[in-house]
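S.K.: Below is one structure. I have some questions about it.
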Amino acid sequence: MKPGNVETALVPVDRGNYKKLFSMQLRPEQITFVTPPRWTLARCYVRQFGDQFEHLPHLIVASDGSVVGYSTTACDPASDDDYWIDDIMIEAAHQGKGYGRAAMVEVLKMIVVSYPQCEAVQLTCFRANTNAAALYKSMGFEPTGEVDNEFGEPNYKLYGAALDKFRK
C-alpha cells in the first residue's frame, strides 16, 4: 500500500466497540508518546480537562473496516481556540502507510464541521516523536513556544488558512 492513498473514518467509541482499543500496540520506543487506550477512555469519562470540554474518543477505521488506531479530542464549544487533539495513535502494524495523515485530516474535518466557531486546533507533541512532529508541521501546525502543563512537551497550533482548508 502506497502512503497517502488510504482513507480512514472516525467511529465514535461506544459500549459496542471500546474493546477494540485494548489490543492496539505501539512500538516500544513510542509507548510514552500517547495515553494508553484504557487511560484515554478514563480521561474522557472523568472529563479530565473540565466540564466545559466535550471529550470525544474515536476509533480510526480503514476503508476495509479494520481498526488502525484511535483519537481523542477535547473541545470547548464556548471558545474560538480551545480545541485539542488530545491523543492520536496509529497501531504499530499500520504505521508508515499513510493512516496517520489520513486520520489527522478526518479529525480536523470533524472538529471544524462540528464547531464552526473554531479558529485554532492545538496539540502537544513529544520532542522525541520526530515523525509525528514532521507530520503536524507538514499539515500547517506551528510550534506555539508554550509547553504542556502535564508533560512539559511543546504545543502546536493550526489556525488561519492552514485550518480553513479542512472546512471545505
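S.K.: Given the conditions (1) at pLDDT below 85; (2) surrounded by 11 or more Cβ atoms within 10 Å (Cβ to Cβ); (3) aliphatic (A, V, I, L, M), and given that ILE31 satisfies all but one, which numbered condition is not satisfied?
M.R.: (2)
S.K.: Assess whether ALA134 counts as being modelled with pLDDT under 95, open to solvent by 30 Å² or more (accessible area, probe 1.4 Å), over 14 Å from the mean Cα position of the chain (by Cα) and among the small types (Gly, Ala, Ser).
M.R.: Taking the combined requirement at face value, the residue does not satisfy it.
S.K.: Moving on. What pairs can you find where one residue is in region 132-151 and touching a residue at least 12 places away in the same chain (Cβ under 8 Å) and farther than 18 Å from VAL34 by Cβ, the other is open to solvent by less than 30 Å² (accessible area, probe 1.4 Å) and part of a strand (DSSP E or B), and their Cβ atoms are less than 7 Å apart, with a gap of 6+ or different chains?
M.R.: GLY140/LEU158; GLU142/TYR156; PRO143/PRO154; PRO143/TYR156; THR144/ASN155; THR144/TYR156
S.K.: Evaluate region 110-127: report whether one residue or more is modelled with pLDDT of 95 or more, open to solvent by 20 Å² or more (accessible area, probe 1.4 Å), over 25 Å from PHE22 (Cα atoms) and of a type in the set (D, E, K, R).
M.R.: yes
S.K.: Could I ask something else about it? In region 84-109, what count of residues is obtained for those that are open to solvent by less than 60 Å² (accessible area, probe 1.4 Å) and farther than 19 Å from ALA162 by Cα?
M.R.: 11
S.K.: Taking PRO37 as meeting all but one of (1) more than 13 Å from the chain's Cα centre (by Cα); (2) without any contact (Cβ under 8 Å) to a residue 60 or more places away in the chain, write down the number of the exception.
M.R.: Every listed condition holds for PRO37 apart from (1).
S.K.: Going through ASP51, ASP81 one at a time, which residue ends up being under 25 Å from GLU150 (Cβ atoms) and open to solvent by less than 80 Å² (accessible area, probe 1.4 Å)?
M.R.: None of the others qualify; the one that does is ASP81.
S.K.: Taking region 131-154 as the region of interest, how many residues are more than 16 Å from MET104 (Cβ to Cβ) and outside any loop (DSSP other than H, G, I, E, B)?
M.R.: 6
S.K.: Assess whether LYS97 counts as being in a helix (DSSP H, G or I) and out of contact with any Leu (no Cβ under 8 Å at 6 or more places or on another chain).
M.R.: no
The values are calculated or read from the model by the stated rules, or taken from the named source; none is laboratory data. It should be emphasised that the depicted structure is a prediction, and the values quoted were computed from it without experimental measurement. Methodologically, a virtual Cβ is constructed for each residue, glycine included, from the backbone with ideal geometry; neighbour enumeration extends over all protein chains shown. Surface accessibility is based on the protein's heavy atoms, side chains included, excluding ligands, DNA and RNA. Shrake-Rupley method; radii C 1.70, N 1.55, O 1.52, S 1.80 Å.
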